[in-house]
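Heads up: the structure comes next, in structure tokens.
The values are calculated or read from the model by the stated rules, or taken from the named source; none is laboratory data. Predicted model, so just to flag it, every value in this text is computed and none were measured. Neighbour counts are summed over all protein chains in view; Cβ atoms, including those assigned to glycine, are modelled from backbone coordinates with ideal geometry. These area figures cover heavy atoms from the full protein model, side chains too; ligands, DNA and RNA do not enter into them. Shrake-Rupley method; radii C 1.70, N 1.55, O 1.52, S 1.80 Å.
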Amino acid sequence: MPRILITGATGGVGRALLGILPAGLGPVILTRRPALARQLFPTAEVAAYGEPLPHCEAIISLAGAAIDRRMLTPRRAHALLRSRLRVAWALRAHCERAGWPKCIVAASATGIYAAVPEPQGEGAPLGSGLVA
């Protein structure tokens, strides 16, 4: 069974992805919260940061500090960026050492829509700023 390493699986986008992952793909969840990941995804393989990783055919990296309703100050924006880059650098170093995978997809807190509490569709107005 092909394995896919997934970071950020316990976040909003990661949970949605794991909910629609096709049968026949073996998710390996790399997380800083292994107990939560095992609770949310009891059939998935879970690895904590710093543990050896099994060979995977691809990586989907969704990790990064949560973008929430806190004020987006320059300090907060820097922390959000830093949280994503730390994961990206660690994954790059691992890939160089391990020689795998052939495919990496990275996206974290992506969006283009305005911040409103209601669900939005493709026709929703575009937002602006760092998190839009």
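Being hydrophobic (A, V, I, L, M, F, W, C), surrounded by fewer than 17 Cβ atoms within 10 Å (Cβ to Cβ) and in a helix (DSSP H, G or I): is that true of residue 35 here? Don't jump to the end; show me each part of the working.
Details: hydrophobic (A, V, I, L, M, F, W, C): yes; surrounded by fewer than 17 Cβ atoms within 10 Å (Cβ to Cβ): yes; in a helix (DSSP H, G or I): yes.
Yes.
Being within 30 Å of residue 24 (Cβ to Cβ), touching a residue at least 12 places away in the same chain (Cβ under 8 Å), open to solvent by less than 30 Å² (accessible area, probe 1.4 Å) and not acidic (Asp, Glu) narrows it down to one of 87, 105, so name that one.
Values: 105 fails: open to solvent by less than 30 Å² (accessible area, probe 1.4 Å).
Within the list 87, 105, the selection yields 87.
Which residues, taken from segment 38-65, are of a type in the set (S, T, N, Q) and under 19 Å from residue 103 (Cα atoms)? Break it down into steps so the answer makes sense when it comes.
Initial filter on segment 38-65 (of a type in the set (S, T, N, Q)): 39, 43, 61.
Of everything in segment 38-65, just one residue is of a type in the set (S, T, N, Q) and under 19 Å from residue 103 (Cα atoms), namely 61.
Do the conditions hold for residue 67, that is, is it open to solvent by 30 Å² or more (accessible area, probe 1.4 Å), of a type in the set (A, V, I, L, M), free of Cβ contacts under 8 Å to residues at least 60 places away in the same chain and under 27 Å from residue 127 (Cα atoms)? Walk me through it before giving the result.
Values: open to solvent by 30 Å² or more (accessible area, probe 1.4 Å): yes; of a type in the set (A, V, I, L, M): yes; free of Cβ contacts under 8 Å to residues at least 60 places away in the same chain: no; under 27 Å from residue 127 (Cα atoms): yes.
The answer is no for residue 67.
Here's the yes/no breakdown for (1) in contact with a Leu (Cβ under 8 Å, 6 or more places away or on another chain); (2) among the aromatic types (Phe, Trp, Tyr); (3) part of a helix (DSSP H, G or I):
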{"site": "23", "(1), (2), (3)": "no, no, no"}
{"site": "39", "(1), (2), (3)": "no, no, yes"}
{"site": "59", "(1), (2), (3)": "yes, no, no"}
{"site": "67", "(1), (2), (3)": "yes, no, no"}
{"site": "83", "(1), (2), (3)": "no, no, yes"}
{"site": "91", "(1), (2), (3)": "no, no, yes"}
{"site": "94", "(1), (2), (3)": "yes, no, yes"}
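When you go through (1) open to solvent by less than 40 Å² (accessible area, probe 1.4 Å); (2) over 20 Å from residue 84 (Cβ atoms) one by one for residue 42, which number turns out not to apply?
(1)
Can you say whether residue 30 is under 22 Å from residue 90 (Cα atoms) and touching a strand residue (DSSP E or B) at 6+ places or on another chain (Cβ under 6 Å), as far as the supplied structure shows? Outline the logic, then answer.
On the way: under 22 Å from residue 90 (Cα atoms): yes; touching a strand residue (DSSP E or B) at 6+ places or on another chain (Cβ under 6 Å): yes.
Yes, satisfied.
Out of the residues in segment 17-35 that are out of contact with any helix residue (DSSP H, G or I) (no Cβ under 8 Å at 6 or more places or on another chain) and modelled with pLDDT of 95 or more, which is farthest from residue 86 (Cα to Cα)?
Going through segment 17-35, the residues out of contact with any helix residue (DSSP H, G or I) (no Cβ under 8 Å at 6 or more places or on another chain) turn out to be 17, 19-26, 28, 30, 32-35.
Applying the additional criterion that residues be modelled with pLDDT of 95 or more yields 28, 30, 34-35.
Numbers: 28: 19, 30: 14, 34: 19, 35: 22 Å.
Only one residue tops the list, namely 35.
Condition check ((1) open to solvent by 30 Å² or more (accessible area, probe 1.4 Å); (2) touching a residue at least 24 places away in the same chain (Cβ under 8 Å)) across all residues:
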position: 27; (1), (2): no, yes
position: 31; (1), (2): no, yes
position: 48; (1), (2): no, no
position: 51; (1), (2): yes, no
position: 54; (1), (2): no, yes
position: 60; (1), (2): yes, yes
position: 75; (1), (2): yes, no
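Report the residue count in segment 120-132 for those that are modelled with pLDDT under 70 and exposed (fewer than 10 other Cβ atoms within 10 Å of the Cβ). Spell out how you get there, then give the answer.
The first filter runs over segment 120-132 and keeps only residues modelled with pLDDT under 70, leaving 120-122, 129-132.
From the residues that got through so far, the ones that are exposed (fewer than 10 other Cβ atoms within 10 Å of the Cβ) too are 121-122, 129.
Count: 3.
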